[in-house]
């Protein structure tokens, strides 16, 4: 079902010097399934993260935040699928901590140097002993070229692995950027049921990496939405090993701008892949809102349109029932919106001008755009200079089927 | 598909003295379909209305508001289905005004004494001449006992007519309350794609009726949600003819409280019928949020749960995947929520206590409640004394089918 989701060949994935990945079968929820992924990071790798804003933050998210705040250098990441360890209270926290202790003991680290991640069903106890028993198996196969396998082993309802990899030359250094993500439903800004791991062998000063990671998230994972549901476990981690020899310690460094540009493109691609593989999606939709008074206002309108079940089902049906888009703009919460200044384009077709059906608009033109698998929509509010772009998908029978049957 | 939607027999519908209703076939969108409904009100009937908060207010909504504000006594209502006359700009406004002028001319009123209503497809021009041509036919069959037929003639995607009727004795007067509503999708507070007309032969002072109408809306039509979409045309009208002889001019009148109680019950029932007939609904769900710091906060949490596609699909599947409810509570926007104080009941089953799975909770108990057609959920936030109740439904394959095919 995935919409134009490009899966690179295994050969085209560049390992990131300083990062090894091991994979294991722990039987967390189902047998014979790779459900544990371990990252080992070379010393001096800078690591930063952005996490869910859901108040029911899962235990591993709480532990991640504490360990990142401890000031100790992060040296390992451990990810399990099958169980989110969320809504599990004190015993869930203890399970995440126990996992970190076990990884630390096997890799000769402190528990604070380990970040735990869980994704899967909420409100059920994590079978932590099975997870820990599988760790030696993961350590046994730690390899730099396991990114493709890792993209598979972190999947839950995903139908396709999500992986990006690119190289560029900066200041005479060949720089690698490789990342993976997972997530297919319960996707909303700030953030999705998603895990994203982006790594580079460029070096970035830890404080700078923290700032950059938030910016990257805001351009990518915080701009995708499938169904408006924000999960308890969302995590986006950026790792900079420095093994390429290039070290960027401030924004004035000549390599800073091109490096961030490349990281942003990789993060956007990873995030878009989640929408392309969204549960039941048949269309990939880009919503651009411009001429808003503020970025916040532009996002409000973009999300109102992106979350409208009526708009999403109309896209599914390729039905240019575009009044539904106007209705969503109207209820987005811009209370002083002058609708007579609103223009709406679907692809290159001007559908509505000055708040009403454009005189030259023909339904056949709207229909032509709606039938494409990649659809872009532009909404001009006529109020200011701010603009924002959000990525979403349509809403199909299949979405209902998947989510009605997820646990059965 | 409707969930426990009681349709009273035609005999049990009490006409409201002072109100006659006529119905016609104008062929607005489809031939051989009753699509025009005309209400004629006796002189001195007090009329008040609450309208959509969508910024794209349809032309008839704008005309209604202007005519209600003109101070002239409202004497007729004209409703068409098949076309919403929304997103139609100046020509749409002219069409609504022309409709009022035609009704006024035929009934010897001023145009300001007529309220127009339209519901149907957005962004297409209203075939106003066909509407006007049908008015004599509607006037020809003006009758007090046409409520049941009117409940049918205002339907769009509704599968069932929605009508309530009751009588009570106040101060020795037999008081009648009868109302109809329509709406099945694009339903959200403030308000739904809904039209609601509630009439009584009690008399209410105009200013008091205006206040009461807003209160009634807040207890009923502003507490239902199907898909989070708010339409351009929502209107709720309350009419008090005074023909019973009972006149209530202030809140101290001994009949005020029982009259409002009866009107509220009728409005809640009319609103709930819309959810019961919601597109594709198989379950009727009542969400009660209590121990909130404010009514606004309680509503925020209730709507987050009610709008979550993941929660709604889980209800459709009778799958007690109740972590999805906790996740929705967590992202509702109560930024300082202490999740360790949150309790959640499904029916009489305590599912989560202190923010985690209740130790005695058994999935079989959750499953038992989920399988019912009427489900109630109680969420206690442990923060204060405010509470609110919202009514919604589940999310099924059928919802997608209906909305993907609406115009075809």
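Quick look at the values:
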| read-out | value |
| --- | --- |
| Theoretical ellipticity at 222 nm over chain A - DSSP helices of four or more residues, -39500 (n - 2.57) apiece, nearest 500 | -9500 deg cm²/dmol |
| DSSP beta bridge pairing in the stretch B:10-276, given as percent antiparallel to the nearest 5 | 70 |
| Axis proximity, chain A to B: residue whose C-beta lies nearest, plus whole-Å distance | A:397, 3 |
| Cα centroid of the stretch A:1-73 to Cα centroid of the stretch A:230-277, whole Å | 14 |
| Computed lengthening from residue A:371 to residue A:250, 0.36 nm per intervening residue step minus Cα-Cα distance | 38.9 nm |
| Selected from A:180, A:287, A:260 as most flexible by GNM, with chain A as the system and alpha-carbon contacts under 10 Å | A:260 |
| Packing rank of A:149-161, B:349-361, where each peptide gets the mean count of other beta carbons within 10 Å, highest leading | A:149-161, B:349-361 |
| Gap separating the Cα centres of the stretch B:302-375 and the stretch A:168-182, nearest whole Å | 43 |
| Label geometry 7 Å along the beta-carbon vector: residue A:338 inter-copy distances in nm | 4.9 |
| Pairwise label distance in nanometres, residue A:354 with residue B:385, each label 7 Å out on the Cα-Cβ vector | 5.5 |
| The stretch A:284-405 shape via C-alpha gyration tensor axes, a/c threshold 1.5 | oblate |
| Max mean-square fluctuation residue, GNM over chain B, Cα-Cα springs under 10 Å, options B:293, B:171, B:62 | B:171 |
| Shape of the protein assembly as shown, Cα gyration tensor, a/c cut at 1.5 | prolate |
| Using alpha-carbon coordinates, inclination of helix B:59-69 to the longest axis of chain B, degrees | 70 |
| Cβ-vector label at 7 Å, residue B:91, separations to other copies in nm | 6.7 |
| Helix axis angle, B:128-140 relative to chain B longest principal axis, alpha carbon, degrees | 80 |
| Shortest-first distances to equivalent copies, position residue B:250, nm, label 7 Å out along Cβ | 7.5 |
| Kirkwood Rh, Cα atoms: Rg over Rh of chain B | 1.00 |
| Between 0 and 90°, nearest 10: helix B:295-307 axis offset from chain B longest Cα axis | 80 |
| Residue B:66-residue A:42 pseudo-label distance in nm [points 7 Å out on the Cα-to-Cβ vector] | 7.3 |
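Bear in mind that the values in this text are calculations on the coordinates, not laboratory data. Because the structure is a prediction, the values reported are computed rather than measured. Positions of Cβ are backbone-derived with ideal geometry, glycine not excepted, and every protein chain shown enters the neighbour counts.
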